[in-house]
1. Report the label-to-label distance for N180 and K153 in nanometres (one decimal), using points 7 Å from each Cα along the Cα→Cβ vector.
2. Below 14 angstrom from the Cβ of T154, what's the summed charge of the other residues (Lys, Arg +1; Asp, Glu -1)?
Amino acid sequence: MIHRILFVILVGVLGIFAMSCTGEKTADSSSTIAQDPEQKMQGSPLYVEVSTIYEGGTDSTVEGRCNIDTTNPSVHQTCTVRIPELRLHFSGLSFKIGTSSADTCAQISFQPYYYQRSSSAAYLPYGTTSIDCSATPPANAGCYGGAAPALLKTDFPGFKGLYFLPAVSLTGTFTVPSSNSRIKDADYDSFSTNVDTCNNLSSSQRATPTGTATTYYSGSNMYIDYAVSCNDVWANSQYSITLTIADDDSENTDYGATIDEYYDWGD
């Protein structure tokens with residue numbers, strides 16, 4: 001059973017961050033490619049598998065897997081999964097999250113990515129006539145973009161995450177609608193992108209507002225990444241994974257400005 005949560009608290013990191021991620025491509029050359037990634041994932045205390053399924057389709061494509069590597073002392077992993085931009089744009093994005101041990105992870109939380117579009121009372125997203133984004137934080141979902149508003153719908157931004165209990169089920173699956181299905185108008189540029197599924201805006205750029213092909217208001221806690229975390233039966237944090245979704249602009253190119261058809265923060 002899936003439950004809504006107000007916040008997800010991630011494990012504090014005191015040591016070196018490690019990565020265990022496999023997929024078609026990864027933006028971090030330090031990632032470890034498992035010889036048998038599916039088996040390694042299923043034996044992990046915390047993992048996430050990212051897959052796509054075309055609109056109206058029934059067959060899914062596994063795009064990448066990320067997991068806690070028990071041979072590494074780090075309790076926090078970072079992972080990047082890249083997906084061909086057209087397939088991402090026209091596909092639902094599914095996150096299969098799980099654990100191999102309900103004793104280790106008694107509760108697993110999923111924080112979907114979101115960002116704040118504006119802090120202005122005059123900002124009007126497409127299709128709205130009255131909205132105020134000047135509050136801190138804004139209470140209107142129209143002030144935000146990303147996966148969380150689409151996944152949580154009317155519960156967002158009051159609720160910003162979901163959780164499940166591995167004692168009931170060792171896995172939970174969360175699916176975000178395709179970016180294409182969320183387009184409100186063909187001429188509304190900020191919806192004709194992959195920014196509502198991709199969270200690859202670099203850390204250095206998050207301190208500066210951007211309006212290239214979308215609107216982003218910078219500031220503390222205005223850009224929140226995908227995150228998975230687990231607690232034991234005493235509610236103590238055990239493991240966490242921070243996940244970045246990005247699109248590929250060509251078979252051999254992660255990002256190229258001249259061939260970027262669906263903007264994804266330009267990385």
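We did not get these values from a lab; they are worked out from the coordinates using the rules stated. Quantities reported herein were computed from a predicted structural model and do not represent experimental measurements. We place every Cβ from the backbone using ideal geometry, glycine too, and count neighbours over all the protein chains shown.
1. Each label point is offset 7 Å from its Cα along the Cβ direction, giving 2.3 nm.
2. Net local charge, T154 excluded: +2.
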